[in-house]
Amino acid sequence: MSIFFYILTVFSLFFALGRFNPLYKYLYYLPLFKSFRYPGRILILLVFSLAVNAGFGYKALLEKTGLTRKKIAIFSLRVFG
């Protein structure tokens, strides 16, 4: 399941770049690609997939290190806040 969200992150970033994407002028001639009139709308997919990937990373951190949520929260507050 996490591979799907990694692929979604890459493709949504790729399409959200719009005309700043180096391959945009070639992809514009493909079917259905012209329908992306506002590539910025795809950013919602990018943000969603990044949030899901962050959740998978947090879950892996809890499982592999054996730390508790409280210890991770305290560490995060010391580093970032």
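What to note about this one:
- When the range 1-20 is filtered for residues that are among the hydrophobic types (A, V, I, L, M, F, W, C) and in a helix (DSSP H, G or I), the ones remaining, listed by number, are ILE3, PHE4, PHE5, ILE7, LEU8, VAL10, PHE11, LEU13, PHE14, PHE15, ALA16, PHE20.
- Among residues of the range 25-57, those that are in contact with a helix residue (DSSP H, G or I) (Cβ under 8 Å, 6 or more places away or on another chain), of a type in the set (Ser, Thr, Tyr) and at pLDDT 80 or above, counted: 1
- Subset of the range 41-66 that is within 18 Å of ILE7 (Cα to Cα) and among the small types (Gly, Ala, Ser) - its residue that is surrounded by the most Cβ atoms within 10 Å (Cβ to Cβ): SER49
- Residues being part of a helix (DSSP H, G or I) and surrounded by 10 or more Cβ atoms within 10 Å (Cβ to Cβ) - total across the range 23-40: 7
The values are calculated or read from the model by the stated rules, or taken from the named source; none is laboratory data. Nothing here was measured: the structure is a model prediction, and the numbers come from that model. Every residue, glycine among them, receives a Cβ derived from its backbone with ideal geometry; neighbour counts consider all protein chains shown.
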